[in-house]
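The structure under discussion appears below in the form of structure tokens.
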Amino acid sequence: MQLARVVGQAVSTVKHPSLTGWKLLLVQPLGPNDWEDGEPLLAIDNLGAGFAHLVLVSNDGAGARQLVGAKNSPVRWMVLGVVD
């Protein structure tokens, strides 16, 4: 799990069938003192996080694939929670 900030939203008309209906967020992982840590990531979201929200993300690919219901899905990152 890692803390990240939502920096955008992705829109795609052509995508893997398992991602249909999922909100795709571009999130920037954060390190100590809320500094950017690496490149932005694409994460699925069903919690309604929006721009500039602080979120908790997980890179548990098996859990994300179980969430979307497809063993062959390319999804790896998912939003686990929105930080107040």
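The values are calculated or read from the model by the stated rules, or taken from the named source; none is laboratory data. Every value quoted in this text rests on a predicted model; they were computed, and no experiment measured them. Note: ideal-geometry Cβ built from the backbone for every residue, glycine included; neighbour counts use all protein chains shown. Please note that ligands, DNA and RNA were not included when accessible areas were found on the heavy atoms of the full protein model with its side chains. Shrake-Rupley method; radii C 1.70, N 1.55, O 1.52, S 1.80 Å.
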* Asked: What is the residue count in the stretch 50-77 for residues that are in contact with a Leu (Cβ under 6 Å, 6 or more places away or on another chain) and hydrophobic (A, V, I, L, M, F, W, C)?
  -> 2
* **Verdict on residue 35 being in contact with a strand residue (DSSP E or B) (Cβ under 6 Å, 6 or more places away or on another chain) and among the aromatic types (Phe, Trp, Tyr)** => no
* To do: May I ask you to list pairs of residues, at least six apart or on different chains, whose Cβ atoms are under 8 Å apart, with the first in the stretch 33-47 being within 14 Å of residue 79 (Cβ to Cβ) and the second being small (Gly, Ala, Ser) and surrounded by fewer than 16 Cβ atoms within 10 Å (Cβ to Cβ)?
  => 40/8; 42/10; 47/81
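Taking the stretch 50-66 as the region of interest, how many residues are surrounded by 11 or more Cβ atoms within 10 Å (Cβ to Cβ), farther than 15 Å from residue 1 by Cβ and among the hydrophobic types (A, V, I, L, M, F, W, C)?
From the stretch 50-66, those surrounded by 11 or more Cβ atoms within 10 Å (Cβ to Cβ) are 50-51, 53-61, 63-66; that's our starting set.
After this cut, where a residue has to be farther than 15 Å from residue 1 by Cβ as well, the list is 50-51, 53, 65-66.
Now narrow it down to the ones that are among the hydrophobic types (A, V, I, L, M, F, W, C): 51.
Selection size over the stretch 50-66: 1.
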* To do: Name the single residue, out of those in the stretch 30-47 being charged (D, E, K, R) and within 14 Å of residue 59 (Cβ to Cβ), that is least open to solvent (accessible area, probe 1.4 Å).
  => 37
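Please work out if residue 83 is of a type in the set (Val, Ile, Thr) and crowded, with 16+ Cβ neighbours inside 10 Å. Outline the logic, then answer.
On the way: of a type in the set (Val, Ile, Thr): yes; crowded, with 16+ Cβ neighbours inside 10 Å: no.
Judged against the criteria, residue 83 is not a match.
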* Asked: Do you know which residues across the stretch 1-12 are open to solvent by 80 Å² or more (accessible area, probe 1.4 Å), among the hydrophobic types (A, V, I, L, M, F, W, C) and touching a strand residue (DSSP E or B) at 6+ places or on another chain (Cβ under 7 Å)?
  -> 1
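State which residue is nearest to residue 70 (Cα to Cα) when the search covers only the stretch 30-49 and only residues that are assigned to a strand (DSSP E or B) and under 11 Å from the mean Cα position of the chain (by Cα).
So, considering only residues that are assigned to a strand (DSSP E or B) and under 11 Å from the mean Cα position of the chain (by Cα), the one nearest to residue 70 (Cα to Cα) is 44.
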* State whether one or more residues within the stretch 13-29 are in contact (Cβ under 8 Å) with a residue 24 or more places away in the chain, open to solvent by 60 Å² or more (accessible area, probe 1.4 Å), under 14 Å from residue 73 (Cβ atoms) and within 10 Å of the chain's Cα centre (by Cα). => no
* How many of the residues in the stretch 1-22 are among the aliphatic types (A, V, I, L, M), over 14 Å from residue 51 (Cβ atoms) and assigned to a strand (DSSP E or B)? -> 1
